[in-house]
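Working notes, structure below.
We did not get these values from a lab; they are worked out from the coordinates using the rules stated. Keep in mind that what you see is a predicted model, and the values were worked out from it rather than measured. Note: ideal-geometry Cβ built from the backbone for every residue, glycine included; neighbour counts use all protein chains shown.
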Amino acid sequence: MERIGVFICWCGSNIAGTVNVNELVDLLLEVPGVAHAQNYMYMCSDPGQELIRNAIREKELNRVVVASCSPRMHEKTFRKAAHSVGLNPFLVEIANIREQCSWVHQGDKAAATQKAMNIILATIGKVRKNAALESIRVPLTRRALVVGAGVAGMTAAIELGEAGYETFLVERETEVGGKLRHLSKTFPFHESASEILKAKADALAKNENVRLMTNCELKDVTGYVGNFDVTLRSNYDGSETKERIGAIVLANGYDLYPVKAMGEYGAGEVEDVVDSLTFERLLKESMEAGAPVKRPSDGRAVESAVFIQCSGSRDPAHHKPYCSRVCCLYTSKQSKLLCQQNSGAKAIVSYMDIRTDIKLCEEYCQENIDSEGILYVRGRVSKLWREGDKVALWTADTLSGEKILIEADIVVLAQAIVPSRGSAELAQVVRASADQNGFLQESH
């Protein structure tokens, strides 16, 4: 015979300020199978948990519903409390009447109370059909797979190997390093990207627990958490390897939104208009050669440059709606390195907002402005075109209201970061979800 107990948490005033908790108790006591109903200010507190334990014992409850906040918050708390007095924890369910009810209906108490009742009734219907499950332990495979051997994937593989786990590091290209191979220096300390890559590669080579597989891709995943069966396919000869893996780390990198998509900036047809990774290669080549940065069209040393922020980003009407987060900082780095590499060069940054949400980076950007005389102009460049041997740009300074015509030797577009090639297919293989922009999401 069902003997269901329903416990309603006030959550202070978060729930009780919007939902009539006393009315709910009266209504629930009339529901068939409900042997007990009560409310309390903080059901998750020690006294609140004791109320639940006492009711289970005294009323011989065999099912429990707690109407409170999200189960992500306190489901374990309430199941543990019920289990301590002999009730199977899987016969306890949470009805979320805070996030899904009281917080979104604060202006209508009657409607919020009715909705809370409906949520609780649905949860009672669920708990009626719950089975008394038992937790089991299964052996785990103490081996890991890391997909992608850029700097993030290499770091993950090295740390897993150093922790004693046998690790497979899979990279679809013939070389490791990913985008790090093309960078000059990192921000904010201007460490050599080549030296960082060499140190990572050396650590990989010395780590006996890590097996590097280049020109190889993940093709299939079956099994479950802790015991995955994966199929790895070599791009050299098409051969396949099957391995049992306990955990999978996806570090499949990123790409840049194509310059060809930027019609307002010449769609890739205007000479000396390049994306930020192309400019990184120019910086790296100049540093390695000990020579000035040269523009692609004629090899002439760059004397003036315009860096356009948010190119293809934060533009939901035409391009990508999101901020790529790193562009402000690497643009500051690139403009500073250009001024240092090319004596007398002038750098202008066209920006919407400057976002420096990493420790020490606000000071880094300000120091670059002060030391190199980098000029920041707030506003979007509306148009650019070739004017003789220069690139001409129309923009407006939104702080002063002035319209400005600028000519420069080179224009660098901080293109939006987009999911790497093959991300959608990889998501299907590992059964991972992606957000509305195609970026992989963690399961939780």
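The ranking of Met1, Met154, Met262 by Cβ neighbour count inside 10 Å, starting from the fewest, reads Met1, Met262, Met154. Phi angles of segment 328-340 translate, via the Karplus equation with coefficients 6.51, -1.76, 1.60 and θ = phi - 60°, into HN-Hα couplings of 4, 7, 6, 5, 4, 5, 4, 5, 5, 5, 4, 5, 6 Hz per residue; Gly and Pro are given as x.
Per-peptide packing, taken as the mean over residues of other Cβ atoms within 10 Å, places 232-238, 120-126 in the sequence 120-126, 232-238 from highest down. Working note: Karplus 6.51/-1.76/1.60 with θ = phi - 60° gives segment 306-317 the couplings 10, 9, 9, 7, 6, 6, x, 10, 6, 9, x, 6 Hz, where Gly and Pro are set to x. Taking amide H atoms as placed 1.01 Å from N in the peptide plane, the amide H of Val249 lies under 5 Å from those of Leu145, Val146, Val147, each 5 or more residues away in sequence or on another chain.
Measuring between their Cα centroids, segment 138-159 and segment 333-355 lie 37 Å from each other.
Rounded, prolate or oblate for segment 257-417? Axes are the square roots of the Cα gyration tensor eigenvalues, ordered a ≥ b ≥ c, and the cut-off for rounded is a/c under 1.5.
rounded
Based on alpha-carbon atoms, the Kirkwood radius and the radius of gyration of segment 4-129 give Rg/Rh equal to 0.93.
Put a dot 7 Å past each Cα toward the Cβ at Asn88 and Ser234; how far apart are the dots in nm? Here the answer is 5.1 nm between the modelled labels. Considering only beta bridges that DSSP places wholly inside segment 305-444, some 50 percent are antiparallel. Using only the alpha-carbon atoms, how far is helix 276-289 inclined from the longest principal axis of the chain? Give it as 0 to 90 degrees, nearest 10. On a 0 to 90 degree scale, this one is about 50.
Computed about its Cα centre, the charge dipole of the chain is approximately 1160 debye, with only Lys, Arg, Asp and Glu carrying charge at their Cβ.
Among 430-442, 286-298, 67-79, how do they line up by average Cβ neighbours within 10 Å per residue, starting with the highest?
Descending mean neighbour count gives 67-79, 286-298, 430-442.
Of the residues Asn22, Gly107, Leu133, the one whose Cα sits farthest towards the positive end of the charge dipole of segment 1-156 is Leu133 (charges of +1 on Lys and Arg Cβ, -1 on Asp and Glu Cβ, taken about the Cα centre). Taking amide H positions as modeled 1.01 Å from N, with prolines and chain starts lacking one, the residues under 5 Å from Tyr42 and 5 or more places away or on another chain are Trp10. Per-peptide packing, taken as the mean over residues of other Cβ atoms within 10 Å, places 334-345, 408-419 in the sequence 408-419, 334-345 from highest down.
Under 5 Å from the amide H of Asp275 lie the amide H atoms of Leu413, each residue being 5 or more positions distant or on a separate chain, with H modelled from the backbone and absent for Pro and chain starts.
In this structure, the residue pairs whose Cα-Cα separation is over 22 Å, taken from Lys260/Lys390; Lys206/Lys359; Lys336/Lys383; Lys80/Lys109; Lys80/Lys129, are Lys206/Lys359; Lys336/Lys383; Lys80/Lys109.
Considering only DSSP beta bridges with both partners in the chain, what is the antiparallel share in %, to the nearest 5?
Of all bridge pairs located within the chain, approximately 40 percent are antiparallel.
Counting only DSSP beta bridges with both residues in segment 127-227, the antiparallel share comes to about 15 percent. Converting phi to 3J(HN,Hα) with the Karplus coefficients 6.51, -1.76 and 1.60 and the offset θ = phi - 60°, segment 131-148 yields 9, 7, 6, 10, 6, 10, 10, 10, x, 9, 7, 8, 9, 10, 10, 10, 9, x Hz in sequence order, with x at every glycine or proline. Separation of segment 64-103 from segment 190-208 is 48 Å, based on Cα centroids.
How long are the semi-axes of the equivalent ellipsoid of the chain, taking √(5λ) for every eigenvalue λ of the Cα gyration tensor, in whole Å from largest down?
Values: eigenvalues 615, 198, 66 Å².
The equivalent ellipsoid of the chain has semi-axes of 55, 31, 18 Å.
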